[in-house]
Amino acid sequence: MSENQNPHPLIRAEAIKQLQEHSFSHPWNNNSEIKGVFLGEAVGLQRIGITLAHIPPGKESFIYHSHQFEEEFIYILSGRGIAEIDDEEFEVGAGDFMGFPTASVAHHLHNPFDENLVYIVGGERRQVDIADFPRLQKRMFRNGREVQIVDWDDLKPMQ
């Protein structure tokens with residue numbers, strides 16, 4: 001949660017412009033670069049993450065993935081991008097909405113165009129999640145801040 005323990009539920013456009021911008025990248029994708037501000041935290045949301053984000057030209061979001069327990073959504077505000085959803089590619093632009101209910105199909109967003117791809121991304125912030133990275137054949141187990149990764153070949157059913 002934000003440093004403000006009792007934030008006001010309304011944050012005005014001018015205050016949003018003053019929020020600290022964060023940069024994110026995925027350690028398995030050298031072309032991953034997202035910049036954004038945490039809107040959900042600014043108003044005190046704890047169970048839902050909402051970020052006003054942008055992907056610079058030529059960059060990508062994180063990495064092609066799916067979630068077992070956390071739902072996600074993306075709403076494009078401006079610019080264009082390519083959404084990879086369940087091994088299909090779709091050009092997306094302002095006003096387009098994507099939702100990934102659990103268990104979700106794999107998805108990823110990249111910006112091969114000349115302007116920033118600006119969007120709102122959000123989703124659940126559960127204590128526990130499992131994510132798959134099908135192109136890397138890896139699975140992530142997250143419990144709070146503890147994250148473990150395993151290769152699919154090493155996953156075995158309990159007997």
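Take the Cα of Phe69, go 7 Å toward its beta carbon, and the backbone nitrogen atoms of the range 109-148 under 20 Å from that spot belong to 122-134, 138-148. Dimensions of the range 56-138 based on its C-alpha atoms, expressed as ranges along the principal axes with the largest first, amount to 36, 24, 19 Å. Under a crude label model (7 Å from the Cα following the beta-carbon direction), how far is Ser78 from Phe24 in nanometres? In this crude label model, Ser78 to Phe24 measures out at 2.1 nm.
Residue separation of Thr102 and Ile149 scaled by 0.36 nm, minus their Cα-Cα distance, works out to 14.9 nm of gained length. When both the range 82-159 and the range 1-57 are represented by their alpha-carbon centers, they are found 18 Å apart. Taking a straight Cα-Cα cut-off under 22 Å and skipping sequence neighbours fewer than 8 places away in the same chain, the lysines within cross-link reach of Lys59 are Lys35. Considering the values [x] 31, 20, 14; [y] 27, 21, 13; [z] 59, 14, 14, which represents semi-axes √(5λ) of the Cα gyration tensor in Å as calculated for the structure under consideration? Correct label, based on the coordinates given: [y].
Quick note: the coordinates plus some simple rules give every number you see, no bench work behind them. As the structure is a computational prediction, the values presented were derived from the model and not from experiment. Cβ sites come from the backbone with ideal geometry, for glycine too, and all protein chains shown count toward neighbours.
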